[in-house]
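Enquirer: Let me give you the structure first, and then I'll get to my questions.
The values are calculated or read from the model by the stated rules, or taken from the named source; none is laboratory data. If you're wondering where the values come from, they're calculated on a predicted model, not measured in any experiment. With ideal geometry, Cβ positions are generated from the backbone for all residues, glycine too; neighbour counts draw on all protein chains shown.
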Amino acid sequence: MRIIALGQKVSIKSAIMPLTHQSRYQYSMCYNDFVITWRLYIDESGHHSYKEVDDLDKRYLGITGVLIKKERYEGKIKPELEQLKRSIFRYDPDDPPILVRSLIRGRKKWFYVLQDQLLNTKWEHGLLSYLSGLKGYTYIYTVVIDKQKHLAEYPFQTFDAYVYSLSVLLNRVRGLLQKIRGGEQADVLAESRGATEDNQIKLAYATLLTKGPNKSQFGTAAEYRAAFPNPELMIRKKYQNIAGLQIADILANEQKLLTIKEDGKHLPRPISSFGQQINKAITRMVILPYGRYMLE
């Protein structure tokens, strides 16, 4: 895949220059004709920086993608998540609770009520039941990059950790989409990480769809466009109350730690008891060996 190295400045406009005006128009029209049946929601656990990679807390970056069947999203997945939140937390429809793992663990904002052990038990049981109920129209993929090892092996051409991981994640999801009823399509929605970082992943996505990966065994640009026909990667913020992003946020850290453990590497911390239960609840939505992958 054409991966952007650290410090490399390339505009999104330059990424699509190889397409002529006519072919870009045809690509757009092709996208409008597609019925996109899936959406991939992406969140990360960790940092993309290569600073202090000897620190286990900063060594790994995990990218988790939650692929959801659209026809079940509005009618089931989204309203059921809101109902779960209503049953536990103080709920203001103009300021609904947003599930953010760090806030939940810290018992901050809406989640201060989880200091009550009975409410916390109700919350954990409710969340595990909700996650288990996603089976049948949800698939989960996680790619973790060991930045310490990557930096040691490629000291002069270190790839942006997030962009590199995202490219590998999309390749794996593309493989699944090709196998579903002869080929289905998804669009991609990622959590905003800041203006600079958002532009980097938009560029990486545009490059993949217009120029394809560097290595032919990963497919062609046309194959990626067939799987991901939307020419733009969508970016949303946490406060926008996107159910798919909240699911990805809850899963990203636990799936990252499990991926590290399965690869035999040192964990920054043990997987908590509840984290293990979360991983167990989604087991049948992770197609191994493709669903979790350690990148170096």
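Enquirer: Could you check how many residues of region 262-282 are touching a residue at least 24 places away in the same chain (Cβ under 8 Å), closer than 26 Å to Asp54 by Cα and either surrounded by 13 or more Cβ atoms within 10 Å (Cβ to Cβ) or under 21 Å from the mean Cα position of the chain (by Cα) (or both)?
Expert: Of the residues in region 262-282, 5 are touching a residue at least 24 places away in the same chain (Cβ under 8 Å), closer than 26 Å to Asp54 by Cα and either surrounded by 13 or more Cβ atoms within 10 Å (Cβ to Cβ) or under 21 Å from the mean Cα position of the chain (by Cα) (or both).
Enquirer: For Arg225, indicate whether it is surrounded by fewer than 21 Cβ atoms within 10 Å (Cβ to Cβ) and within 14 Å of the chain's Cα centre (by Cα).
Expert: no
Enquirer: Another one. So, in region 77-95, exactly how many residues are in a helix (DSSP H, G or I) and more than 21 Å from Tyr41 (Cβ to Cβ)?
Expert: Qualifying residue count for the region: 3.
Enquirer: Return only the number of the condition from (1) without any contact (Cβ under 8 Å) to a residue 24 or more places away in the chain; (2) assigned to a helix (DSSP H, G or I); (3) among the charged types (D, E, K, R) that Lys122 does not satisfy.
Expert: (1)
Enquirer: Keeping to region 156-166, report how many residues are closer than 15 Å to Met294 by Cβ and either under 12 Å from the mean Cα position of the chain (by Cα) or of a type in the set (S, T, N, Q) (or both).
Expert: Final tally of qualifying residues: 1.
Enquirer: Tell me yes or no: at least one residue of region 126-141 is surrounded by 14 or more Cβ atoms within 10 Å (Cβ to Cβ), of a type in the set (Lys, Arg) and either touching a Gly at 6+ places or on another chain (Cβ under 6 Å) or in contact (Cβ under 8 Å) with a residue 24 or more places away in the chain (or both).
Expert: Looking through region 126-141, none of the residues is surrounded by 14 or more Cβ atoms within 10 Å (Cβ to Cβ), of a type in the set (Lys, Arg) and either touching a Gly at 6+ places or on another chain (Cβ under 6 Å) or in contact (Cβ under 8 Å) with a residue 24 or more places away in the chain (or both).
Enquirer: All but one of (1) buried (at least 17 other Cβ atoms within 10 Å of the Cβ); (2) over 29 Å from Lys202 (Cα atoms); (3) in contact (Cβ under 8 Å) with a residue 40 or more places away in the chain hold for Val168, so report the exception by its number.
Expert: (2)
Enquirer: To continue, here is another question. Taking Tyr205 and the conditions (1) over 23 Å from Leu131 (Cβ atoms); (2) among the aromatic types (Phe, Trp, Tyr); (3) part of a loop (DSSP other than H, G, I, E, B), which numbered condition does it fall short on, given that it satisfies the others?
Expert: For Tyr205, the failing item is (3).
Enquirer: (1) in contact with a strand residue (DSSP E or B) (Cβ under 9 Å, 6 or more places away or on another chain); (2) over 29 Å from Asp55 (Cβ atoms): which one isn't true of Ile140, the others all being true?
Expert: In the conditions (1) in contact with a strand residue (DSSP E or B) (Cβ under 9 Å, 6 or more places away or on another chain); (2) over 29 Å from Asp55 (Cβ atoms), Ile140 misses (2) alone.
Enquirer: Moving on. Can you name every residue in region 214-237 that is touching a Ser or Thr at 6+ places or on another chain (Cβ under 8 Å) and charged (D, E, K, R)?
Expert: Arg236, Lys237
Enquirer: Would you call Asn253 polar (S, T, N, Q), out of contact with any strand residue (DSSP E or B) (no Cβ under 6 Å at 6 or more places or on another chain) and part of a helix (DSSP H, G or I)?
Expert: In short, no.
Enquirer: Now for a different question. All but one of (1) assigned to a helix (DSSP H, G or I); (2) of a type in the set (A, V, I, L, M, F, W, C); (3) surrounded by fewer than 20 Cβ atoms within 10 Å (Cβ to Cβ) hold for Ile98; state the number of the condition that does not hold.
Expert: (1)
Enquirer: Is it the case that some residue within region 230-247 is crowded, with 16+ Cβ neighbours inside 10 Å, within 30 Å of Gln83 (Cβ to Cβ) and of a type in the set (Gly, Ala, Ser)?
Expert: Within region 230-247, one or more residues are crowded, with 16+ Cβ neighbours inside 10 Å, within 30 Å of Gln83 (Cβ to Cβ) and of a type in the set (Gly, Ala, Ser).
Enquirer: Considering (1) over 19 Å from the mean Cα position of the chain (by Cα); (2) of a type in the set (D, E, K, R); (3) surrounded by 14 or more Cβ atoms within 10 Å (Cβ to Cβ); (4) not in a helix (DSSP H, G or I), say which one Arg181 fails and leave the rest.
Expert: (3)
Enquirer: Under 8 Å between Cβ atoms, at least 6 apart or on separate chains: pull out the pairs that start in region 177-194 with a residue that is under 30 Å from Val100 (Cβ atoms) and acidic (Asp, Glu) and end on any residue that is modelled with pLDDT under 90 and outside any strand (DSSP E or B).
Expert: Here the result reads Glu191/Lys238, each pair linking region 177-194 to a residue that is modelled with pLDDT under 90 and outside any strand (DSSP E or B).
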